[in-house]
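Right, one structure below, let's go through it.
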Amino acid sequence: MSEEHTYPRFSDAEFARRYRLVRERMGEADLDVLLLYGSGGAGSQVQYLSNWPVTREAYLLFPREGEPVLFVHYYNHLPLARRAAVVPDTRWTGVDAAATVATELRRRGLHQRRIGLVGPLPFQPYERLRGLLPDAQLVSFNAAFNTILLVKSEEELEWLRRGAELGDLAMEALEREVRPGLTEHDLAAIVQGAYLRHGGRNVIHFMSTTPMRAPDVCVPAQYQSHRVIQRGDVLITEISVQYWGYGGQCLRPYAIGEEPTPEYRRLYEVAEAAFYAVARALRTGATPAEVIAAADLIEEAGYTIYDDLVHGIGNGYLPPILRTRGTTVEEPPADFRYPENSTWVIQPNVITRDERMGIQVGDMVRVTAHGAERMQRYPLRFVVCGL
């Protein structure tokens, strides 16, 4: 981060690289301008070109020729956006964002051109834009933009490592502080308290607890309950923390107050073996089919999975999103090859077929020619705590 900026910011050279690459792809698709949309902190595409992580809503007009303009919803969010964004022309959306965007496109003479849409633009503003721009061609550019996001620069990898370090702090805090008598709500306070002071921002802290000898949970829960933690419980976790939009992901089981039972130990051994098998397969040039095949040992051991096996990370939740052979609902693209320096989460959520018990093990990784390199430093193990 440049010392002259209060908020994190990539170098001018990094943004120049992004602008050049995006405009090359726009030329290939015969697009004159992009309209990028982000909402509620899920503004990865907007942030990629503006450095603004998005609060409520934001629209970024990014022309193939000329300067971009960023429109930010909520007038009182505008001062911060102007400090944090790299786009000098940052404005309020006004009360009718679609009308504001359409007016700017007309002013620039782009209202009858091919406009690429990027991000999860909701139906109502999309329909409003169609009505305001009847002569424009509105086309999706999401798939092409995602391929740009996949490969990380050295600066991006450094930010992802910082996000991973913040997640590691959360995992260490759980190991140090979880004990019988706490509630699941206390777990959330432990997790966020570990990284907020260091500039981290919560993405997810999915966690569940259940007795190891009478389990009834197989996957981490999106919301914590008022359940009181007991000796002999297992805590299953999925923790993701951002450093200014760039986050890692770490998934571990914790046995509380005693060693894991034999059944849970076997689940963990299969999950860890699957993690390493997938990591070896996830190398530069590998196909999704090769990566999926590496996880066959899960089903061969008599188990299955509930969550994804592998998904992209860094600037969003990126495809292809893989599952095991027995749980695949959509075949991954046959022509896809994993690129060098793309980043992924390997996260085998190994469960019993009756969905009575399960654990989740995983980390963010970087693709190299020799397989996936772990970016988290927290050890891959079944943690025992609260003794």
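Could you check, for segment 96-119, whether at least one of its residues is assigned by TED's automatic domain parsing to the domain that holds residue 376, in contact with a Phe, Trp or Tyr (Cβ under 6 Å, 6 or more places away or on another chain) and crowded, with 18+ Cβ neighbours inside 10 Å?
No, segment 96-119 contains no residue that is assigned by TED's automatic domain parsing to the domain that holds residue 376, in contact with a Phe, Trp or Tyr (Cβ under 6 Å, 6 or more places away or on another chain) and crowded, with 18+ Cβ neighbours inside 10 Å.
Of (1) outside any strand (DSSP E or B); (2) in contact with a strand residue (DSSP E or B) (Cβ under 6 Å, 6 or more places away or on another chain), residue 34 satisfies all except one. Which?
Evaluating residue 34 over (1) outside any strand (DSSP E or B); (2) in contact with a strand residue (DSSP E or B) (Cβ under 6 Å, 6 or more places away or on another chain) leaves (1) as the failure.
Under 6 Å between Cβ atoms, which residue pairs at least 6 apart in sequence (or on different chains) link something in segment 106-135 that is without any contact (Cβ under 8 Å) to a residue 12 or more places away in the chain with a partner that is assigned to a loop (DSSP other than H, G, I, E, B)?
none
Considering every residue within segment 275-282, establish whether at least one is within 22 Å of the chain's Cα centre (by Cα), small (Gly, Ala, Ser), assigned to a helix (DSSP H, G or I) and within 20 Å of residue 363 (Cβ to Cβ).
Yes, segment 275-282 contains at least one residue that is within 22 Å of the chain's Cα centre (by Cα), small (Gly, Ala, Ser), assigned to a helix (DSSP H, G or I) and within 20 Å of residue 363 (Cβ to Cβ).
Give me the pairs: first residue in segment 350-361 and outside the structural domain of residue 299 (by TED's automatic domain parsing), second residue not in a loop (DSSP other than H, G, I, E, B), beta-carbon distance under 8 Å, and six or more apart or on different chains, which are they?
none
Just the residues that are closer than 21 Å to residue 227 by Cβ and of a type in the set (Ser, Thr, Tyr), please, taken from segment 163-197.
183
Could you say whether any residue in segment 313-322 is over 26 Å from residue 243 (Cβ atoms) and assigned to a loop (DSSP other than H, G, I, E, B)?
Looking through segment 313-322, none of the residues is over 26 Å from residue 243 (Cβ atoms) and assigned to a loop (DSSP other than H, G, I, E, B).
Within segment 330-387, track down each residue that is more than 17 Å from the chain's Cα centre (by Cα), aliphatic (A, V, I, L, M) and assigned to a loop (DSSP other than H, G, I, E, B).
Of everything in segment 330-387, those that are more than 17 Å from the chain's Cα centre (by Cα), aliphatic (A, V, I, L, M) and assigned to a loop (DSSP other than H, G, I, E, B) turn out to be 334, 359, 369, 380, 387.
Tell me, yes or no, whether segment 66-77 has at least one residue that is in a helix (DSSP H, G or I), modelled with pLDDT of 95 or more and under 24 Å from residue 24 (Cα atoms). Talk me through it step by step, then tell me what you get.
Initially, segment 66-77 is screened for residues in a helix (DSSP H, G or I), giving 75-77.
Of the ones still in play, those that are also modelled with pLDDT of 95 or more are 75-77.
If we keep only those that are under 24 Å from residue 24 (Cα atoms) as well, we get none.
There is no residue in segment 66-77 that is in a helix (DSSP H, G or I), modelled with pLDDT of 95 or more and under 24 Å from residue 24 (Cα atoms).
Within segment 283-312, take every residue that is among the aliphatic types (A, V, I, L, M) and outside any helix (DSSP H, G or I) and give me the one that is nearest to residue 51 (Cα to Cα).
310
Would you confirm whether any residue within segment 17-31 is surrounded by 18 or more Cβ atoms within 10 Å (Cβ to Cβ), among the acidic types (Asp, Glu) and not in a strand (DSSP E or B)?
Scanning segment 17-31 turns up no residue that is surrounded by 18 or more Cβ atoms within 10 Å (Cβ to Cβ), among the acidic types (Asp, Glu) and not in a strand (DSSP E or B).
Can you tell which of 185, 205 is outside any helix (DSSP H, G or I) and either of a type outside the set (Ser, Thr, Tyr) or at pLDDT 95 or above (or both)?
Answer to the check: 205.
When only residues in segment 1-46 that are β-branched (Val, Ile, Thr) and within 24 Å of the chain's Cα centre (by Cα) count, which is nearest to residue 246 (Cα to Cα)?
Of everything passing the filter in segment 1-46, 46 is nearest to residue 246 (Cα to Cα).
Restricting attention to segment 243-274, report how many residues are among the aliphatic types (A, V, I, L, M) and either outside the structural domain of residue 163 (by TED's automatic domain parsing) or assigned to a strand (DSSP E or B) (or both).
3
How do the pairs read when you match residues in segment 28-51 that are closer than 22 Å to residue 14 by Cβ with residues anywhere that are charged (D, E, K, R) and in a helix (DSSP H, G or I), using Cβ under 9 Å and keeping only pairs 6 or more apart or on different chains?
Cβ pairs passing all conditions: 48/18; 49/18.
Being farther than 27 Å from residue 44 by Cα and buried (at least 16 other Cβ atoms within 10 Å of the Cβ) is the filter here, so list the residues in segment 212-226 that pass it.
Listed by number, the residues that qualify are 212, 215, 217, 218.
When you check residue 11 against the structure, is it modelled with pLDDT of 95 or more and surrounded by fewer than 17 Cβ atoms within 10 Å (Cβ to Cβ), yes or no?
yes
The values are calculated or read from the model by the stated rules, or taken from the named source; none is laboratory data. On a predicted model such as this, the values are computed, not experimentally measured, just so you know. Neighbour counts run over all protein chains shown; Cβ positions are idealised from the backbone, glycine included.
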